Amino acid sequence: MPGNAKTLTDQDAQKANAQWGGRFAGGPAAIMQDINASIGFDRALWRQDIAGSKAHAAMLAKTGIISKDDARAITEGLDQIGREITAGTFEFSTALEDIHMNIEARLSDRIGEAGKRLHTARSRNDQVATDFRLWVRDAIDGLDQQAASLMRALARRAAEHAATPMPGFTHLQTAQPVTFGHHLMAYVEMLARDRGRLADARRRLNESPLGSAALAGTSFPIDRDMTARALGFDRPTANSLDAVSDRDFALEYLSALSIMAVHLSRLAEEIVIWCSAPFSFIRLSDAFTTGSSIMPQKRNPDAAELVRAKGGRITGALVGLLTVMKGLPLAYAKDMQEDKEPVFAATDAAALSLAAMDGMIRDLSVNADQMRAYAGSGFSTATDLADWLVRVLKVPFRTAHHVTGRLVGKAEAKGVGLADLTLEDMQAEEPGITADIFTVLDVDSSIASRTSHGGTAAQNVRAQAQRWLDALGTGESGK
């Protein structure tokens with residue numbers, strides 16, 4: 001059975017039938033219990049369920065639908081149930097299917113008839129939609145803080161290495177020199193967009209389905225604005241059919257997580273490459289590596305590899321839920337019970353990935369000499385040579401590109417770098433070239449020249465890193 005939920009007993013079956021009312025005379029078949037119950041995973045919604053029920057009870061009392069005494073008893077009973085769950089003494093029953101019926105049944109056990117009045121003017125359909133939105137909203141807030149922490153770690157390391165040369169790659173081939181700080185700041189920008197997508201998703205989901213009931217609303221004179229405010233929603237949902245059947249908020253959330261997981265996976269892949277012996281750009285300590293069972297020399301970047309792998313879980317959760325939702329007619333269908341497990345699992349994977357990446361960025365040490373050596377390899381300053389021809393000799397760029405290509409070929413044939421060619425070698429391809437050309441062919445000059453907005457020049461990197469650190473704050477006061 002899933003989780004720690006107890007199995008079906010005769011007493012449980014009787015209690016379940018009592019919850020359902022007079023429609024069903026017999027208990028469910030064992031296989032029906034197994035496929036129908038969700039308490040093994042949706043118990044994670046207990047805090048949200050209790051909060052929603054307390055808001056609903058207060059509203060029912062204010063509108064005169066139930067008495068204030070009943071509302072008080074309900075609230076006190078729900079608080080007691082919350083303490084039981086926290087203490088681990090609450091017995092979850094598979095026979096009662098889900099967290100909503102488990103809590104309601106226990107409430108009736110504790111306070112009697114008053115507990116049976118709680119479900120007035122609501123359905124499990126709007127109840128679960130409300131609980132799930134509250135849970136996703138809380139998850140977004142937690143992941144946003146984690147992403148901000150990782151951004152701070154990246155920006156601090158970027159400021160530290162604003163002038164540390166490394167090769168910039170395209171096609172994983174050396175392209176142009178950049179700095180390690182500039183490279184890390186690229187991921188700060190990615191994570192900023194990830195946080196923006198999560199914030200957008202949070203803003204759209206922040207409407208309350210509570211009071212939509214099963215699908216058509218209710219005939220009771222409820223105050224949906226009151227419950228929305230009590231639960232921190234901006235407003236109640238506008239259409240009861242949409243409210244109980246909408247899982248766009250979960251899909252959008254998983255979509256945002258999937259894009260973030262791709263970003264984390266890309267960085268994780270780079271860490272794996274940078275740690276490898278042929279590169280040796282960085283080193284991770286024992287805190288984020290493991291050994292081999294047979295090769296004593298190995299230091300495997302397993303934390304990075306697992307972050308890379310968890311992207312598959314997260315994107316898989318998105319595809320899975322899209323597939324569940326794609327053919328459902330309005331309004332609620334039991335298929336939608338399959339919405340929570342992938343969201344819970346993806347959230348756990350995202351939180352662990354962010355924490356692991358945050359730790360690795362803070363932990364890694366940089367082999368600056370190795371990075372610098374690679375930064376100058378592969379004729380990485382060829383573009384600087386072409387730019388010099390355009391800027392100084394006023395040669396059309398396409399002509400400069402061809403001249404530079406011939407000079408690269410000449411250097412390659414001689415087994416030297418561009419800066420090691422003689423002035424005569426260069427003038428043989430373009431007579432106007434002067435000795436000044438050699439001032440742009442070293443790595444540091446190349447990097448220093450990239451001062452355009454967003455470029456890799458060290459002063460740019462320092463300014464961008466500081467801008468983000470100022471915007472993010474210390475993180476110690478919830479910034």
| message | Along the Cα→Cβ direction, 7 angstrom out, place labels at Lys334 and Asp109. What is the inter-label distance in nm? | response | 2.5
| field | Hydrodynamic radius by Kirkwood, which averages 1/r over all alpha carbon pairs of the stretch 56-181, in angstrom | value | 19.1
| said: Considering just Cα atoms, how many Å³ per residue does the convex hull of the stretch 314-408 enclose? | reply: 227
| request: Only Lys, Arg, Asp and Glu count, each charged at its Cβ (+1, +1, -1, -1), so figure out the dipole size of the stretch 124-373 about its Cα centre, rounded to 20 debye. | output: 440
| Considering amide H positions built from the backbone, and no H for Pro or chain starts, which residues 5 or more places from Thr179, or on another chain, come under 5 Å of its amide H? | Met166
| said: Using only Cα atoms and rounding to the nearest 10 degrees, what angle (0 to 90) does helix 99-111 make with the longest principal axis of the chain? | reply: 40
| said: If you roll a 1.4 angstrom probe over the protein chains with everything in place, what fraction of the accessible area of the stretch 207-330 belongs to carbon and sulfur, to the nearest %? | reply: 56
| said: Which order do you get for Tyr253, Tyr332 if you rank them by accessible area with a 1.4 Å probe, largest at the top? | reply: Tyr332, Tyr253
| note | Place a point 7 Å from the Cα of Thr439 in the direction of its beta carbon; the residues of the stretch 348-387 whose amide N falls under 19 Å from it are 381-387
| task | With no solvent and one equal point scatterer placed on each C-alpha of the stretch 140-291, evaluate the Debye formula and give log10 I(q)/I(0) for q = 0.13, 0.14 Å⁻¹, two decimals. | result | -0.74, -0.80
| query | Counting alpha carbon pairs within less than 8 Å and at least 6 residues apart, what relative contact order, in whole percent, applies to the stretch 337-479? | reply | 18
| Quick one: if you stick a label point 7 Å off each Cα along the C-beta vector at Ser219 and Gln80, how many nm between them? | 3.4
| said: Taking the Cα centre as origin and putting +1 on Lys and Arg beta-carbons and -1 on Asp and Glu beta-carbons, what dipole magnitude results for the stretch 434-479, to the nearest 20 debye? | reply: 220
| said: Calculate the FRET efficiency for Asp470 and Ala368 from the Cβ-Cβ distance with a Förster distance of 22 Å, rounded to the nearest 0.05. | reply: 0.25
| request: Can you give me the P(r) profile for the chain? Cα pairs, bins 10 angstrom wide beginning at 0, each as a whole percent. | output: 4, 16, 21, 18, 14, 11, 8, 5, 3, 1
| said: Rg/Rh for the stretch 37-84 to two decimals, with Rh computed the Kirkwood way over all alpha-carbon pairs. | reply: 1.07
| task | Calculate, for Arg398 and Glu269, the FRET efficiency according to 1/(1 + (r/R0)^6) with r their C-beta to C-beta distance and R0 22 Å; round to the nearest 0.05. | result | 0.05
| message | I'd like to check one number: the per residue accessible area of the chain, probe 1.4 Å, reported in Å² as a whole number. | response | 46
| Using a Förster distance of 30 Å, the FRET efficiency for Leu306-Ala463 (Cβ separation, nearest 0.05) | 0.30
| query | Relative to the first principal axis of the alpha-carbon coordinates of the chain, what is the inclination of helix 397-414, with its axis defined by its Cα atoms, in degrees from 0 to 90 and to the nearest 10? | reply | 70
| request: Of the listed pairs Lys54/Lys116; Lys310/Lys340; Lys310/Lys334; Lys116/Lys334, which have alpha-carbon separations greater than 20 Å here? | output: Lys310/Lys334; Lys116/Lys334
| How big is the charge dipole of the chain about its Cα centre, in debye rounded to the nearest 20, if each Lys and Arg gets +1 on its Cβ and each Asp and Glu gets -1 on its Cβ? | 580
| query | So what's the convex hull volume per residue for the Cα atoms of the stretch 351-477, in Å³? | reply | 154
| note | Computed over the chain: longest principal axis from alpha-carbon atoms vs helix 302-325 long axis, angle to nearest 10 degrees, is 50
| request: Pop out the ³J(HN,Hα) list for the stretch 198-211 in order, Karplus 6.51 cos²θ - 1.76 cosθ + 1.60 with θ = phi - 60°, rounded to Hz; leave Gly and Pro as x. | output: 5, 5, 4, 4, 4, 5, 6, 7, 7, 10, 8, x, 4, x
| request: Just grab the label-to-label distance for Val416 and Arg204, each label 7 Å out from Cα along the Cβ direction, in nm (one decimal). | output: 6.0
| request: Starting from the stretch 408-479, pick out the GluC sites (Glu not before Pro) whose DSSP state is loop and whose Cβ has at most 14 other Cβ atoms within 10 Å. | output: Glu476
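The values are calculated or read from the model by the stated rules, or taken from the named source; none is laboratory data. Treat the numbers as computed from the prediction; the structure is a model and nothing was measured. Quick reminder, even Gly has a Cβ in these numbers, built from the backbone with ideal geometry, and neighbours come from all protein chains shown. These accessible areas exclude ligands, DNA and RNA; they are computed on the full protein's heavy atoms, side chains included. Shrake-Rupley method; radii C 1.70, N 1.55, O 1.52, S 1.80 Å.
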